[in-house]
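Contents: one structure, followed by commentary.
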Amino acid sequence: KIAVQLAGALMHMKEHGVVCGSLNLETIGYKTAEKDQVLVLSMRNSTMIGQPAAFTQDYNEYDVENEMGELEVRTYPVGVDLSYVAPELMKPGNRRRTPAADVWAFGAVLYTLLAGYTPFIGDDISDVVEAIRKGNFTSFQYDLETWNGVSKAAKDLIGGCLRVNVKRR
């Protein structure tokens with residue numbers, strides 16, 4: 001029920017030319033005490049689709065060794081829960097938001113609601129960011145106790161939402 005209502009809210013925003021930009025578990029709540037209507041409570045990073053963000057975002061850097069054994073500087077946004085940030089938003093130059101970023105966040109929210117933990121893990125922040133950049137979320141196969149009870153359709157939906165390729169997402 002939560003997933004259907006949340007998808008409807010994101011679709012409504014898209015139809016009106018808006019990208020939420022900050023969807024995560026802390027920005028989702030219920031309208032009533034009966035918990036029958038889901039709301040997006042915060043849209044602090046929202047923008048019009050395809051328009052530059054009106055806010056500034058700070059980024060941290062880290063070094064990672066590439067396939068050639070050379071060090072590369074990578075970035076990630078500061079002050080946001082990275083568990084829900086799409087890979088294309090890890091770079092400072094990308095100020096234009098698209099609904100695909102909300103789809104990524106939606107997939108991460110669904111994953112977290114079903115599993116009880118976020119899809120991207122690591123020993124440190126650079127491990128988490130690299131996992132997000134590559135789309136290497138914690139596989140459904142590693143935690144059989146949790147994921148055996150989840151339908152194939154739900155896992156396919158999450159997997160489709162957490163694709164690195166924006167066009168395929």
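The values are calculated or read from the model by the stated rules, or taken from the named source; none is laboratory data. Everything numeric here is computed off the predicted structure, so don't read it as measured data. When we count neighbours, we look across all protein chains shown, and the Cβ atoms used for this are built from the backbone with ideal geometry, even at glycine. To get the accessible areas, we keep the full protein, side chains included, count just its heavy atoms, and leave off ligands, DNA and RNA. Shrake-Rupley method; radii C 1.70, N 1.55, O 1.52, S 1.80 Å.
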The one condition in (1) more than 11 Å from the chain's Cα centre (by Cα); (2) in contact (Cβ under 8 Å) with a residue 40 or more places away in the chain; (3) closer than 20 Å to I49 by Cβ that N165 fails to fulfil: (2)
Selection status of K14, without any contact (Cβ under 8 Å) to a residue 40 or more places away in the chain, among the charged types (D, E, K, R), surrounded by 13 or more Cβ atoms within 10 Å (Cβ to Cβ) and more than 24 Å from G116 (Cα to Cα): no
Residues (out of contact with any strand residue (DSSP E or B) (no Cβ under 8 Å at 6 or more places or on another chain), surrounded by fewer than 17 Cβ atoms within 10 Å (Cβ to Cβ) and not acidic (D, E)) located in region 17-36: L25, T32, A33, K35
Verdict on V103 being of a type outside the set (D, E, K, R), under 29 Å from E15 (Cα atoms), out of contact with any Phe, Trp or Tyr (no Cβ under 9 Å at 6 or more places or on another chain) and modelled with pLDDT of 95 or more: yes
Residue tally, condition more than 16 Å from the chain's Cα centre (by Cα) and not acidic (D, E), over region 15-40: 12
Top-ranked residue of region 49-64 - restricted to ones that are part of a strand (DSSP E or B) and open to solvent by less than 90 Å² (accessible area, probe 1.4 Å), ranked as farthest from A131 (Cα to Cα): P52
Number of the exception - S46 against (1) surrounded by 14 or more Cβ atoms within 10 Å (Cβ to Cβ); (2) closer than 18 Å to V129 by Cα: (2)
Selection from region 81-128 of residues that are hydroxyl-bearing (S, T, Y), surrounded by 15 or more Cβ atoms within 10 Å (Cβ to Cβ) and not in a helix (DSSP H, G or I): T98, T118
